[in-house]
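One structure is given here, and the rest of the page talks about it.
Readers should treat all values here as calculations from the given coordinates under stated rules, not as data from a laboratory. On a predicted model such as this, the values are computed, not experimentally measured, just so you know. Cβ coordinates were reconstructed from backbone atoms using ideal geometry, including for glycine residues, and neighbour counts include every protein chain displayed.
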Amino acid sequence: MSPAPLPVVHFVGAGPGDPELLTLKAQRLIREADLIIYAGSLVPVVMLEGAKDSCRIVDSSGLTLDQTHELIRDAVRSGRRVVRLHTGDPGLYGAVREQARLLDAEGISYAVVPGVTAAMAAAAAANVSFTIPKICQTLILTRLDGRTRVPELEQLRGLAAHQAALAVYLSGPNHQRLAQELLDGGYPPDTTIIAAHRVGWPEEDIQRLTLDKLAKTEAEPLWERQTIFLVLPSQELATTSRLYAPEFEHGFRGERGSSPVSAVAEVASSRQ
C-alpha cells in the first residue's frame with residue numbers, strides 16, 4: 001500500500017487588508033490550518049481571527065526564506081495543514097516562486113489561492129474605472145525602478161508611450177520621480193492620479209490629484225509604505241459603453257426591437 005500523500009501547502013492571497021475581501025476559500029483554509037505563516041508588516045492580524053485555537057501562527061517578517069521553508073517542511077512532515085498567507089494576490093510582487101522551488105525539491109505539493117490585489121481594491125475605494133470605452137482598454141501593473149531592478153523595456157517612461165491606465169506598486173517614497181517619468185513619457189499634466197494608502201485597513205487614505213500636482217507634492221509620511229498609485233488617463237471624458245444600448249445585438253439579447261419584458265418573464269418562469 002502506498003503511503004498517504006503529504007498535506008498540500010496553500011499560498012493564500014489575503015487581499016489588501018479588509019477581512020471581508022478574503023475569498024470564501026481563503027477563509028475556509030485559514031479555519032482548517034494547523035500552521036499559518038503570515039507577513040505581519042503587510043497582513044493585518046484581523047485576518048487570522050478565524051484560525052482555530054490549536055493553530056500555530058508565525059509572523060514571517062523577521063524570518064529568512066530558509067527559516068520559513070523549514071517551518072513549512074516540518075509541519076507538513078508532521079501531517080499538519082499549512083497556510084502561507086500573502087498580502088494581496090500571491091502572484092503579484094510576492095515571493096511564491098522561490099518558496100515553491102524549495103517545496104518542489106522536496107516533493108511537497110502546494111496550491112495557490114488568489115486574492116484581491118491592491119489595484120482593484122483602490123479603484124473600488126476611489127469609485128473609478130481603469131477602462132473607458134474607445135479611449136482606454138488596457139491596464140498595466142508595474143512598479144518604479146528601485147532596489148529591485150526593472151527591465152529596461154519596462155521602465156515607466158517607455159510604458160507611458162501606450163497611454164494606458166497604470167497601477168504602480170511599491171513606489172510611494174519616490175512618487176516625485178514616478179510623476180516625472182510619466183510626464184517625460186508623454187502623459188498630460190492633468191492626468192488623474194489616485195494615491196491609495198493601506199487600502200482596506202482602518203487607516204485607509206485615498207487621495208485624488210493630478211499628475212502635475214503629484215510631481216510637486218512633498219514626500220508624505222503616509223506614502224512611505226503600502227501605497228499604490230493609479231494613473232488614469234482621460235477620466236474626464238464622458239463616454240458610454242455600447243453593451244446595453246438597444247441597438248447593440250448579441251447572443252443573449254433578441255433581435256432589434258424585441259421586448260426585454262419577455263426575457264424577464266422567461267427567467268422568472270424558469271425559477272418556478
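Dipole of the range 1-128 (Lys/Arg Cβ +1, Asp/Glu Cβ -1, origin at the Cα centre): which of Thr87, His10, Ile57 lies farthest to the positive side? Looking along the dipole axis, the top candidate is His10. Listed by chain and number, the aspartates and glutamates whose alpha-carbon sits under 19 Å from that of Lys134, ignoring those within fewer than 8 places in the same chain, are Glu236, Glu247, Glu249.
Over every pair of different alpha-carbon atoms in the range 93-185, take the mean of 1/r and invert it; report that Kirkwood radius in Å. Show your work: numbers first, answer last.
Working: mean 1/r = 0.0638 Å⁻¹.
Value: 15.7 Å, from the Cα pair sum.
Loop-located GluC sites (Glu not before Pro) in the range 103-173 (DSSP state other than H, G, I, E, B) with a sparse environment of at most 15 neighbouring Cβ atoms within 10 Å: Glu106. Taking amide H positions as modeled 1.01 Å from N, with prolines and chain starts lacking one, the residues under 5 Å from Ile140 and 5 or more places away or on another chain are Ala165, Leu166, Ala167.
What number do you get for the range 1-137 when its Cα radius of gyration is normalised by 2.2 N^0.38 Å, N = residues?
Values: Rg = 16.5 Å, N = 137, 2.2 N^0.38 = 14.3 Å.
In units of the globular-protein estimate, the range 1-137 measures up at 1.16.
Here the dipole of the range 66-216 is about 180 debye; that uses its Cα centre as origin and unit charges on the Cβ of Lys and Arg (positive) and Asp and Glu (negative). Note on the range 131-206: with charges restricted to the Cβ of Lys and Arg (+1) and Asp and Glu (-1), its dipole about the Cα centre is near 160 debye. In this structure the amide hydrogen of Leu170, modeled in the peptide plane, comes within under 5 Å of the amide hydrogens of Thr227, none closer than 5 places in sequence on its chain.
3J(HN,Hα) along the range 162-167: 6, 6, 8, 6, 10, 10 Hz, from the Karplus curve 6.51 cos²θ - 1.76 cosθ + 1.60 with θ = phi - 60°, whole Hz, x for Gly and Pro.
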